[in-house]
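S.K.: Got a structure for you, questions after.
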Amino acid sequence: MDKVLLRIPKKSEYMSTIRLTSSALSNLEGFNIDEIEDIKVVISEICTFFINNLKNNSDDFQVNYEIFPDKLVVTVKDLNEGRLSGDCLKDNMSIMIIESLSDTYNYDLNNKAITFEKSKAGID
Amino acid sequence: MSLEIENKIQDNIIEIKPIGEVDIYTSPKLKNKIFALIDERNTNILIDGEGLEYIDSTGLGVLMSIYKKLQEKGLNFTIINLKPNIYKLFDITGLNKVFNIRE
């Protein structure tokens, strides 16, 4: 398993950089175009969720990519101080998209981290 | 990729063509541009998605606010030429049932 760590300012102007990095890594690992698009969208929505729900932004996002032969596991962590309540998961468009496009997902609100997995086509 | 916005003003409709990505960074630009056009012209809006490469939940929220503003004024909002990867997000969020989306 390869690991790639991206630490990047929590600022909306860096969202396209996060998407480009995610696309490049997914492409390198042989995901098809639809899967790459899903991975890009999910990571972007996780970051958008944190920007909208945890207002502190002096510290960074940390995006951890774990690359397995059959799947990609990504954890986005907001390194800023602050608290997230469970209510912010309700009726949230970012959450709807994250849950629809991921194979599995996990919200660790205490640690301000969201993890999702995406498997390659044809591999269970 | 940033966002460029082209617009074509006709008799009773303004055609808006966003080119690039509409996300949390660029969506205020789209909202401000379209809201200003609605206030200025008070006419129907058509969004041509041919050049739209990406939209996130923030961009979808902006489209929702445009839809509501037009509804309050009794004006029409239509979206055309969405790429399949973009339409997928309208489907997931149920907005394909709210907006008038045509090919």
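Just so you know, all these numbers are worked out from the coordinates, no wet-lab data involved. These figures come from a predicted structure and were not determined experimentally. Methodologically, a virtual Cβ is constructed for each residue, glycine included, from the backbone with ideal geometry; neighbour enumeration extends over all protein chains shown.
S.K.: Test of understanding: in a Gaussian network model of chain B with alpha carbons linked when under 10 Å, which of B:Glu50, B:Glu21, B:Glu40 would top the mean-square fluctuation ranking?
M.R.: Checking each option, the largest mean-square fluctuation is seen for B:Glu40.
S.K.: Here is a further query. Any idea which of B:Leu63, B:Ile9, B:Gly74 is furthest toward the positive side of the dipole for chain B, if Lys and Arg beta-carbons carry +1 and Asp and Glu beta-carbons -1?
M.R.: Toward the positive end, the furthest listed residue is B:Gly74.
S.K.: Among all the lysines, which ones have a C-alpha under 21 Å from B:Lys69's C-alpha, if same-chain residues fewer than 8 places away are not counted?
M.R.: By straight Cα distance, B:Lys69 reaches B:Lys8, B:Lys17, B:Lys29, B:Lys31, B:Lys33, B:Lys97.
S.K.: Still on this structure, please answer the following. Which of A:Ile67, A:Met96, A:Asn57 sits closest to the plus end of the dipole of region A:37-105, meaning its Cα is farthest towards the positive end, when Lys and Arg get +1 and Asp and Glu get -1 on the C-beta?
M.R.: It is A:Asn57, whose Cα lies furthest towards the positive end.
S.K.: Right, next: Under a cut-off of 28 Å between alpha-carbon atoms, report the lysines in cross-link reach of A:Lys3, not counting same-chain residues fewer than 8 places apart.
M.R.: Qualifying lysines at Cα under 28 Å: A:Lys11, A:Lys40, A:Lys71, A:Lys77, A:Lys112, A:Lys118, A:Lys120.
S.K.: Tell me which of A:Leu6, A:Thr17, A:Leu79 sits at the most positive position along the dipole axis of region A:1-96, charges placed on C-beta atoms (Lys, Arg +1; Asp, Glu -1).
M.R.: Towards the positive end, the residue furthest out is A:Leu79.
S.K.: Hey, got the dipole for the protein assembly as shown? About the Cα centre, +1 on K and R Cβ, -1 on D and E Cβ, debye to the nearest 20?
M.R.: 640
S.K.: Another question, if that's okay. Please give the helix A:33-53 orientation as an angle from the longest Cα principal axis of chain A, in degrees from 0 to 90, rounded to the nearest 10.
M.R.: Taking the Cα atoms of chain A, the angle to A:33-53 is about 10 degrees.
S.K.: Where both partners of a DSSP beta bridge lie in the protein assembly as shown, what percent of those bridges are antiparallel, to the nearest 5?
M.R.: Around 70 percent antiparallel, to the nearest 5.
S.K.: DSSP beta bridges in chain B, what fraction antiparallel, as a percent rounded to 5?
M.R.: The answer is about 35 percent antiparallel.
S.K.: Please sort A:10-20, A:82-92, A:47-57 by packing, taking for each peptide the average over its residues of neighbouring beta carbons within 10 angstrom, highest first.
M.R.: For the peptides A:10-20, A:82-92, A:47-57, the packing ranking is A:47-57, A:10-20, A:82-92.
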